Each structure stands twice: as C-alpha cells, then as structure tokens.
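Each remark here refers to the structure printed beneath this line.
The values are calculated or read from the model by the stated rules, or taken from the named source; none is laboratory data. What you see is a predicted model, and the numbers here were worked out from it, not measured in a lab. Every residue, glycine as well, gets a Cβ built from its backbone with ideal geometry; the counts of neighbours run over all protein chains shown. Just the protein is used for accessible areas: all its heavy atoms, side chains included, with ligands, DNA and RNA removed. Shrake-Rupley method; radii C 1.70, N 1.55, O 1.52, S 1.80 Å.
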Amino acid sequence: MGSRLARRLLAAGHQVSGWNRTAAKARNLVGLAVASSPRAAAEGVEAVFTMVTDDAALRAVTLGPDGIIAGLGSGAVLIEMSTVSPTVVRELEGPVTASGAALLDVGVSGSTITVEQGEASFMVGGDTAALERVRPWLLAMGTAVTHVGPLGLAKTMKVATNLGLAVQMLAFSEAVLLAERAGIPRERAVEALLKSVIASPMVKYRGPFVLGQMPTDAWFKVAMIQKDLQLALDQAHATGVPLPLTSLAQEWMTKARSLGLGDYDFAIVFDVLARLSGAPPSTKPGAS
C-alpha cells in the first residue's frame, strides 16, 4: 500500500525521497530518491508519510538517533498512515512537537487497486491547520479527506472500518456456500450477490476470489487483518463496546491460520467454510 501511495505522488510530479526496511522495495519505485535511513528521508522535507506493519515497526522508524523524528525540521508535518494503536501515535506527539513539527494520524480506506487508481479515501486526526497544509498531497493520492477529530482518532476510525471488511467477507462466504449447497452454481451465486444490495466495494473486489481468482500476492494477509481485529477488540474492551461479530471473525481467521492458509488474502475464510460444508475450495493447495 505504501509503495502505491508513493507512486501516486511521483506520478503527480512531486519530489519524493523514501526509505524501506526492505531496500529493494524502495529501489523498485522509479523516480524515488532512496534515503540511507529514516532520518535521512525526513531531513529537509515539508512532509513525511509513514506506513509500516505495526506498533513496534512504527517506533523503530520514528524514534532513536536514526529515526524520522531526529530528521524532522521545524514546520514539517509527519503524516502517520499505518494501522496501529492510537496509543503509540499519541506517544509520538511530544517528540514531534519538540522538534517544531506537527503530527497527523491518517487512516487509508481502499484496496491496492483503488490506491493505484487514485480512489483511496483518507480519515485524518490532529490539528486542522496541519491538515490543510498537507491536503494537496493527500488529494494527489486519493479522492476524499475527512477530519474525524483530535490526534489518534483516525486510527480508531480505520480500525472500525477494517473490522467491517472481515465481517462482510465472512457473511458473503456464508451466502455463497448456502446458495451453492442448495443447488445454485457458485458462479451464478456470486453474480447474483455482486448485483444485489449487499455488494459493497470490498465484496465487489473480493467476490471473484471465491471463483479461483485469489491473487498470488495477497492484498491483505490473514495475519494483518487479525492484527486490526485485535486492535478493534482491545479498544472495545477499553470503551465497553460489545463486538460480537468482530470476535467471531477473529476466530475464523485463526481457523484459517490453523489450516495453513495464513499467507492468503483474508478472503480465504471462504475456503475454511467450504471445507466444513463439503464444498470445493476456491484455491489449490500451495497457490498463494
């Protein structure tokens, strides 16, 4: 996702430097000036975008002598776009502010395909003046920007969005298999559902996956959606919000991993249910 967002900025004519823990991924971006460290990537720029795997990775690239914050100049804006805990983002506010820079947290809604097409949307938490300064860059990468409140709330909004992905995919899988086992060909069931009122953008993207079109390079691996579901469950525990469907989706994702399907896109939950239903899976063993 991060490389595709960077590619959008490059395509819009912006000068972009970057750093990735896997150097080859950064070098594959034509036009990107590859920096030697996170600090070097942040030095002398107006804005820094971060998108990493989890809380530990975010701390690793932002803190310390070679971290992003050490390279931030006065007046710069750090735009944190990872799906991580709101707590870790708020931990960064003090050090960022002390450097004279501003911090925004941003949730990205969209698949790799929507990002490539420039159709992602952004949820933003933090200072509105800082947001207005970076809005042109966000709109170079996507179509919509929504300010949701103070710093950290964009992470909450992103997690709230992502729990819906897993829940929807589980429900879609149930619907397809119920129709199929009653005698409707799987292709016709998927076609009917994708033309129905339940056809959200996510369902439209992943519906074909259950017909043997699972991508070899997973868009959103099982382990990653589980991380997001756990973030949702942790926040629900802290705020007293029951999330019964999220808990159920998390259990089924764990079942997918127990069956050796963890490297697939989370849509592989369909295969877990298919096995239990006596229906053929959407993928062949080893096809991820």
Test for V52: is it assigned to a helix (DSSP H, G or I) and either open to solvent by 50 Å² or more (accessible area, probe 1.4 Å) or farther than 16 Å from W137 by Cβ (or both): no
Unmet requirement for S82, which otherwise passes all of (1) within 24 Å of the chain's Cα centre (by Cα); (2) farther than 29 Å from D228 by Cα; (3) among the hydroxyl-bearing types (S, T, Y): (2)
Segment 230-257, residues that are small (G, A, S) and assigned to a helix (DSSP H, G or I): A232, A236, A238, S247, A249, A256
Conditions (1) in a helix (DSSP H, G or I); (2) loosely packed, with under 14 Cβ neighbours inside 10 Å; (3) not charged (D, E, K, R): number failed by G260: (1)
Test: residue in segment 1-12 that is part of a loop (DSSP other than H, G, I, E, B) and not hydrophobic (A, V, I, L, M, F, W, C): no
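Could you please let me know if A223 is small (G, A, S) and farther than 15 Å from A120 by Cα?
Working: small (G, A, S): yes; farther than 15 Å from A120 by Cα: yes.
Criteria met by A223.
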Residue selected from segment 1-49 under the condition at positive phi and either modelled with pLDDT of 85 or more or among the β-branched types (V, I, T) (or both), by the criterion least open to solvent (accessible area, probe 1.4 Å): G13
Segment 86-101 residues that are of a type in the set (D, E, K, R), paired with ones that are assigned to a helix (DSSP H, G or I) (beta carbon under 9 Å, 6 or more apart): E91/R59
Meets criteria (modelled with pLDDT under 95 and open to solvent by 10 Å² or more (accessible area, probe 1.4 Å)) for T161: yes
Condition met for R59 (within 22 Å of the chain's Cα centre (by Cα) and under 26 Å from E119 (Cα atoms)): no
One residue from V269, V241, V210 being surrounded by fewer than 18 Cβ atoms within 10 Å (Cβ to Cβ) and among the aliphatic types (A, V, I, L, M): V241
Contacts under 8 angstrom Cβ, first residue in segment 138-167 being part of a loop (DSSP other than H, G, I, E, B), partner of a type in the set (D, E), 6 or more apart: L151/E93; L151/D105; L151/D127; G152/D105
Candidate set from segment 165-202 (those that are β-branched (V, I, T) and within 26 Å of D228 (Cβ to Cβ)); member that is most open to solvent (accessible area, probe 1.4 Å): V197
Complete set of residues in segment 234-254 that are among the β-branched types (V, I, T) and without any contact (Cβ under 8 Å) to a residue 60 or more places away in the chain: T239, V241, T254
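If I ask for residues that are among the polar types (S, T, N, Q) and more than 21 Å from the chain's Cα centre (by Cα), which ones from segment 1-24 would you list?
Q15, S17
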Any hit, segment 51-58, residues being touching a strand residue (DSSP E or B) at 6+ places or on another chain (Cβ under 8 Å) and among the acidic types (D, E): no
